[in-house]
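Structure first, commentary second.
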Amino acid sequence: MHHTLPIAPQFYVTAPQPCPYLAARMERKLFTALQGDHAGLLNDALSKQGFRRSQNVLYRPSCAECTACLSARIRVESFAPAKSQRRTLRRNIGMTREATSPWATEQQYALFRRYLDSRHADGGMADMDIFEFAAMVEETPVRTRIVEYRNAELAVAEGFDSDLVAVCLTDVLDDGLSMVYSFYEPGLARLSLGTYIILDHVEIARGAGLPYVYLGYWVPGSAKMGYKAGFDSLEIYKSGRWQPIGDPADHDGETHPLSVDPIAEQVARITLPDTRPTRG
């Protein structure tokens, strides 16, 4: 009798490099390849354990002296927008959305470059060319969508060459939507497009009956990531389980070196998907 064993991916650790979120700290990642017939199952399983996808790799921060990066997700059923977020929805009332297969376009790349040059000129993606951008969008072994947001009236009023004002690369998991990467028109700060994209993804998930929207990492003490704590019904993955964020100030201790477990213990606690066929 033939048996299919559970997936047993190999895990690796990157070399330390300067942390993009907290000054005077070094970043390190635990990662594994995302490939093969069961890539979707692995993406689903590890996303529930704080991992994120980048092309055909799944990774999770595993820094030597810090556990500040906490995976965050919104619980869709109980989410209610704050007053300021309701204003954001009203300001974007003329927006249209289209979710398609992950295919990169010149319009997307032009918007992506404006976004990076304005907001992340010194970041790790600053030198990304159109071919690398296409790889980021298109090289996915799982169920992924590119979600485009357009506003033709706004484009005319602002004199833009294109009505494309925001984009989000989104994975469809078995329990939610994972916002892999989003970018938007930097000249429209008044519209709070980053917030709007998240709010709209909550509505997409609600319409699809999916319980969560995964936002990536929330980092206590990081101005870049602090906005995520402003969303209602936010959960974080901490100490091996999902829990309500509570008071964000309660998590400042995650930057203490004694909060870090050895790599071998971290890997041993990872739960992998079982791909053995079920009996009918």
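The orientation-averaged shadow of the Cα convex hull for the stretch 76-156, equal to a quarter of the hull surface, comes to 7.7 nm². Find out how many positive minus negative residues lie around Glu106, taking Lys and Arg as positive, Asp and Glu as negative, among other residues whose Cβ is under 12 Å from that of Glu106. The answer is 0.
For the stretch 59-75 versus the stretch 169-239, the spacing of their alpha-carbon centroids is 15 Å. Among beta bridges from DSSP that stay inside the chain, the antiparallel ones total about 95%. Is the shape of the stretch 1-146 rounded, prolate or oblate, going by the alpha carbon gyration tensor and its root eigenvalues a ≥ b ≥ c, with a/c under 1.5 for rounded and a/b larger than b/c for prolate? Since a/c stays below 1.5, the shape of the stretch 1-146 is classed as rounded. Axis angle, to the nearest 10 degrees, between helix 193-208 and the longest C-alpha principal axis of the chain: 60 degrees. Label separation (Ala152 vs Ile130): 2.5 nm, computed from points 7 Å beyond Cα along the C-beta direction.
When shorter helices are ignored and each DSSP H run of at least 4 residues is given -39500 (n - 2.57), the per-residue value for the chain at 222 nm works out to -7500 deg cm²/dmol.
With a Förster radius of 51 Å applied to the beta-carbon distance between Arg206 and Tyr12, the computed FRET efficiency rounds to 0.85.
About its Cα centre, the dipole of the stretch 37-137 is roughly 880 debye, where the only charges are +1 on Lys and Arg Cβ and -1 on Asp and Glu Cβ. Measuring r between the beta carbons of Gln243 and Arg87 and using R0 = 30 Å, the FRET efficiency lands at 0.55.
Placing pseudo-labels 7 Å out from each Cα toward the beta carbon at Glu139 and His120 gives an inter-label distance of 1.6 nm. Checking the a/c ratio against 1.5 first, then a/b against b/c, what shape does the Cα gyration tensor give for the stretch 156-219? It is prolate, given that a/c is not under 1.5 and a/b is the larger ratio.
Divided by 2.2 N^0.38 Å, where N counts the residues, the Cα radius of gyration of the chain comes to 1.03.
Laboratory data are not the source of any read-out in this text; all were calculated from the coordinates shown. Because the structure is predicted, anything quoted here is derived from the model rather than measured. Every residue, glycine as well, gets a Cβ built from its backbone with ideal geometry; the counts of neighbours run over all protein chains shown.
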